[in-house]
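Visitor: Mind looking over this structure? Questions follow.
The values are calculated or read from the model by the stated rules, or taken from the named source; none is laboratory data. What you see is a predicted model, and the numbers here were worked out from it, not measured in a lab. Neighbour counts are summed over all protein chains in view; Cβ atoms, including those assigned to glycine, are modelled from backbone coordinates with ideal geometry. Each accessible area value is taken on the protein alone, full model and side chains, heavy atoms only, with ligands, DNA and RNA left out. Shrake-Rupley method; radii C 1.70, N 1.55, O 1.52, S 1.80 Å.
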Amino acid sequence: MAQASTVKVITSPLNEENKKVTAQALQNALVNLIDLSLIGKQAHWNVVGSNFRSVHLQLDELIDLVRGFSDDVAERLSAIGANANGLASTVVSSAKTKGFATEFTSTSEVVGGVVDNLKIVIDVVREGIGATEDSDPVSQDLLIAVADGLEKQHWMWQAQEA
């Protein structure tokens with residue numbers, strides 16, 4: 001009979017209180033980034049109408065960016081000795097995003113939905129930036145980079161509504 005192995009726990013460079021504050025900020029960002037990537041895919045599969053191709057391709061760019069950010073945030077959680085939780089049930093119960101329609105959706109409605117959901121995720125990330133100012137400047141720096149990328153996307157999507 002094989003012996004059960006023990007899992008070595010990753011130690012944190014942060015004290016327990018700073019780890020807790022930072023992990024919560026990162027986890028909040030993670031679930032919202034994951035949901036934003038899923039919203040982007042849902043829109044990508046169901047967008048129809050004028051400017052279809054450009055919106056379809058812009059959704060791919062957004063999804064790739066957000067998935068990269070999700071991975072960066074999840075890996076930072078591990079680096080501080082916390083567990084990343086990206087399970088579907090966690091995303092459903094924790095994300096603040098508005099979601100997206102399940103039927104074919106016009107390009108103008110897709111653009112509006114993406115803008116609205118991006119704004120929500122930006123707000124969550126900015127809350128995390130504030131929360132990590134004292135607890136972990138390294139995680140704060142990561143969240144600032146995420147906010148920068150999301151805010152650029154927010155501007156580009158809004159430009160389609162102009």
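Visitor: Being open to solvent by less than 30 Å² (accessible area, probe 1.4 Å) and either of a type outside the set (Phe, Trp, Tyr) or at pLDDT below 95 (or both): is that true of VAL124 here?
Guide: yes
Visitor: Considering every residue within the stretch 128-139, establish whether at least one is modelled with pLDDT of 95 or more, in a loop (DSSP other than H, G, I, E, B) and either of a type in the set (Ser, Thr, Tyr) or more than 13 Å from the chain's Cα centre (by Cα) (or both).
Guide: Yes - at least one qualifying residue is present in the stretch 128-139.
Visitor: Moving on. Do any residues in the stretch 20-43 that are at pLDDT 95 or above have Cβ atoms under 6 Å from those of residues that are among the acidic types (Asp, Glu), where the two are at least six apart or on different chains, and which pairs are they?
Guide: Going by the 6 Å Cβ cut-off, the qualifying pairs are THR22/ASP136.
Matching residues to (1) of a type outside the set (Asp, Glu); (2) surrounded by fewer than 18 Cβ atoms within 10 Å (Cβ to Cβ); (3) more than 25 Å from GLU161 (Cα to Cα):
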site: ILE10; (1), (2), (3): yes, yes, yes
site: GLN27; (1), (2), (3): yes, no, yes
site: VAL31; (1), (2), (3): yes, no, yes
site: ILE80; (1), (2), (3): yes, no, yes
site: ALA84; (1), (2), (3): yes, no, yes
site: SER108; (1), (2), (3): yes, yes, no
